[in-house]
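The structure appears right after this line, and notes come after that.
Rule-based calculations on the coordinates, nothing more; no lab input. Here the structure is a predicted model, which is why all the values come from computation and not from measurement. All Cβ positions, glycine included, derive from the backbone under ideal geometry; neighbour counts span all protein chains shown.
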Amino acid sequence: MEGEELHLGRAGVVEHVDPDVDEELWTGDDDESHAGWYCVRTDPFPCPASGCGFVAEFMTAAHLVLVWEERDDPNLLRHAQRAKEVGRNPRVVTYEAGYGPSASYYAWEAAGRPVHGVRQAS
């Protein structure tokens, strides 16, 4: 990364970014309703994938709002703290379907932590 400057909200090292390639898109859980679960609302921040205009207002993965069943889940609190450290003004709120499609944090981890539009070159 010599000679490159890092910016908040941007990926550090990515060998290849191609948002036009639709590999198998991760869609989260099996349509489980997460109403009443908890998520982390933040100040708006852009998707780090090159050419993607998506702007998130929640902690997301593959453009899905990450949700936790418990308000005091250690991973929820860790992610909220990280968002605070980078100036995103996090607030733990109760998830509502109107926020957009959701996925449980643990399903996302089990799926290998997929990230929209970013893949390594073969």
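Multiply the residue gap between residue 106 and residue 91 by 0.36 nm, knock off their C-alpha separation, and tell me the result in nm, one decimal place.
That pair, residue 106 and residue 91, stretches by 3.4 nm at full extension.
Can you put 47, 39 in order of Cβ neighbours within 10 angstrom, beginning with the fewest?
Neighbour counts put them in this order, fewest first: 47, 39.
Using Cβ counts within 10 Å as a stand-in for footprinting exposure, how do 42, 60, 94 rank, fewest first?
So the residues, fewest neighbours to most, are 94, 42, 60.
Among 76, 66, which comes first, then next, by fewest other beta-carbon atoms within 10 Å?
76, 66
Need the C-alpha centroid separation for the range 71-116 versus the range 37-66, integer Å.
9
Taking 0.36 nm per residue of separation and subtracting the Cα-Cα distance, what length does fully extending residue 69 through residue 50 add?
Here the answer is 3.6 nm.
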